[in-house]
Amino acid sequence: MRKASGDARLSRGTLVLLQAVLVAVLFGLWWLATTEKWLDPFFFGQPLKVVQVIVDWFVSGKIWPHLAITLWETVLAFIIGSVLGLGVGLWLALSPISSALAEPYITAANAMPRVILAPIFAVWFGLGVLSKVALGVTLVFFIVFFNVYQGVKEVSPVVLANARMLGASRGQLLRHIYLPSATSWVFSSLHTSVGMAFVGAVVGEYLGSAKGVGYLILQAEGTFDINTVFAGILVLTAFALLLDFVVTRVEARLLVWRPRAAETEAL
Amino acid sequence: MTAATASAPGAGVALPALALDGVTCTFAARGGGERYTAVRDVTLAIAPGEFVSVVGPTGCGKSTLLNVGAGLLVPSAGTVHVDGEPLSGINRRAGYMFQAEALMPWRSALANVVAGLEFRGTPRDEAAARGRDWLARVGLAGFEDRYPHQLSGGMRKRVALAQMLILDPDILLMDEPFSALDIQTRQLMENELLELWSANRKSVLFITHDLEEAISLSDRVVVLSAGPATRPLGEFTIDLPRPRDVAEIRMTPRFVELHEAIWGVLRAEVLKGYAQSKR
Ligand SMILES: Nc1ncnc2c1ncn2[C@@H]1O[C@H](COP(=O)(O)OP(=O)(O)OP(=O)(O)O)[C@@H](O)[C@H]1O
Ligand SMILES: [Mg+2]
């Protein structure tokens, strides 16, 4: 079985090396294009200056409070959005009347581009952390909600009947059957929902704030400091990758019971 | 609890542990199809401590009847009595071993086995000890921490068996419990089941495709007709001596005689059922 895919695969070391080369080539091209003035450095920045900005941020420690705020907003938005999505998802999935009532509104609310709510949240919650969290929550909520709803609907009727025969009460069915099934769906959408919480935080900051990486970008843009804008984008990207890595680790821990495609180990 | 004074329909000297009376199950049409009557007017009683097997062609309604007995399915017509009391809701006296996969995939083998105890509020340590004991009895010692997807089909069946038996139910409803096992393991499990049954006289309603299995285990074998509108075609009392060894009993002349008699009835139905499912 292993041979089939083995031929087309590179070893891990080569792969990482090639990926690094690819990034270096892209940066090289960027550098070449801007120093040779094929692209205007005023609009496209200069890689060396961008790197300089990033190094300055970390050496002086100026970036940490901003990163901490962005992280805090992301975490809060993720937790609050997940809990709300889980609660409402379970409730609607298990109560046909409420779900029939709420369905058109849920669909409408989900279809609405929620970024336009940012100004309203800024008015309601001010320019601090809360308005960003609120935006993130509206993004995370729907992802979690739909996954929980699906998770409850996909519970195997036989597993459910078996639990009932074993004497599970309604509350125990909720806790031992519906919740595990729903959370497994929530975990499988963990990447998307953490990503959305992050988007909510950064977009919120960008649209009006006094702190955070999004604010740094906003501020630099105001002074046409394109290098700092790029530096902010790169830091955000690295940060997003880090978050994603953490999520992957958490996921592997929580979903041990899930069957995976191929689990044999090469000797 | 009120005393069961009212005599159940069909009650003899002792009230039957489980009695289906005139049970009809009609499934509503979905997507423009016709309504389908799976079983019609089935009357079936299991005396306390009796081992009854039901055989019949595939799709005839065996699982449907078992679901009715378990209280999972409300019949379109007819009544169900448990120890003389009309059944409403889940049958609390019964344990059910399902034909399809019924283990919770997010729980390890041990956690699945102790689920019923957990629902009843048994202390964790005691439950775990009993769970380990039961896993060992079904030959799965050392597999406590495996998740269902890490077990073979036969192993999962044995976990399900332990999951049911740990609660010590009076009535066992078993839907082709051993059909996924190889013949040796199967005979071991069958003997284990017989031993357990004779030790504390449970009432068993056992469904199988395998006529030899039905005869070697049961006091009585019920043959169902092919669907739709399945009904019992015949009942055969199995007068083989007990205690039995399921492998040895198959060699006796009386076993062969009974097998021939029942197969004579069943054969035609199996052919009919097969012809129907092909259409
Ligand atoms: N929920 C349902 N809706 C419609 N038809 C159903 C439903 N459940 C069962 N049936 C039909 O009722 C008949 C009996 O089904 P059942 O599962 O009881 O068969 P069975 O005797 O257990 O078969 P097998 O031996 O293959 O397990 C089948 O024809 C099936 O298609
Ligand atoms: Mg069946």
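Brief remarks on what is shown
- When you filter the trypsin sites (Lys or Arg not before Pro) in the stretch A:18-85 for DSSP loop state and at most 16 other Cβ atoms inside 10 Å of their Cβ, you are left with A:Lys37, A:Lys62.
- Global form of the protein assembly as shown, assessed from the alpha-carbon gyration tensor, a/c cut-off 1.5: prolate
- Phi to ³J(HN,Hα) by Karplus 6.51 cos²θ - 1.76 cosθ + 1.60 over the stretch A:96-106, Hz, x for Gly, Pro: x, 5, 4, 5, 5, 5, 7, 3, x, 6, 4
- Neighbourhood net charge (11 Å Cβ-Cβ; Lys/Arg +1, Asp/Glu -1) for B:Val113: +2
- Aspartates and glutamates with Cα under 13 Å of A:Lys132, excluding same-chain neighbours fewer than 8 positions away: A:Glu73, A:Glu205
- In summary, the lysines within cross-link reach of A:Lys37, defined as a Cα separation below 25 angstrom excluding same-chain residues under 8 places away, comprise A:Lys49.
- Whole-angstrom gap from the stretch A:156-179 to the stretch A:79-100, using each part's C-alpha centre: 18 Å
- Residue by residue along A:181-187, Cβ atoms of other protein chains within 10 Å of the local Cβ number 1 on average.
- Using only side-chain charges placed at the Cβ, +1 for Lys and Arg and -1 for Asp and Glu, the dipole size of the protein assembly as shown relative to its Cα centre rounds to 600 debye.
- In the structure shown, the pairs B:Lys62/B:Lys202; A:Lys62/A:Lys211; B:Lys157/B:Lys202; A:Lys153/B:Lys62; B:Lys157/B:Lys272 are assessed against 22 Å; a Cα-Cα span above that value is assigned to A:Lys153/B:Lys62; B:Lys157/B:Lys272.
- Averaged over A:107-120, number of beta-carbon atoms from partner chains that fall within 10 Å: 0
- Protection proxy ranking, highest mean first, for peptides A:198-204, A:144-150, A:175-181: A:198-204, A:144-150, A:175-181, where packing is the per-residue count of other beta-carbon atoms within 10 Å, averaged.
- Between A:Leu207, B:Ala28, A:Trp38, the Cα set farthest toward the positive side of the dipole of the protein assembly as shown (charges on each charged residue's Cβ, about the Cα centre) is that of A:Trp38.
- Residues whose placed amide H lies under 5 Å from that of B:Phe51, excluding near-sequence neighbours: B:Val204, B:Asp219, B:Arg220
- Taking the charge dipole of the protein assembly as shown about its Cα centre, with +1 at Lys and Arg Cβ atoms and -1 at Asp and Glu Cβ atoms, the residue from A:Leu90, B:Ala199, B:Gly59 reaching farthest to the positive side is A:Leu90.
- Table column - 3J(HN,Hα) (Hz), the stretch A:243-251, Karplus curve with 6.51, -1.76, 1.60, x for Gly and Pro: 4, 4, 4, 4, 4, 4, 5, 4, 4
- Dipole magnitude of chain A about its Cα centre (Cβ charges: Lys, Arg +1; Asp, Glu -1), debye to nearest 20: 820 debye
- Simple label model, 7 Å out from Cα along Cβ direction - B:Glu235 to A:Trp124, nm: 6.8 nm
- Across the stretch B:269-277, computed HN-Hα scalar couplings (Karplus, 6.51 cos²θ - 1.76 cosθ + 1.60, θ = phi - 60°) run 5, 4, 4, 4, x, 5, 4, 5, 6 Hz from first to last residue, x flagging Gly and Pro.
- Hits among aspartates and glutamates - C-alpha to C-alpha of B:Lys278 under 17 Å, sequence gap 8 or more where chains match: B:Glu269
Quick note: the coordinates plus some simple rules give every number you see, no bench work behind them. Quick caveat, the model's predicted, so the values are computed rather than measured. For neighbour counting, all protein chains shown are included, and Cβ atoms are generated from backbone atoms with ideal geometry for every residue, glycine included.
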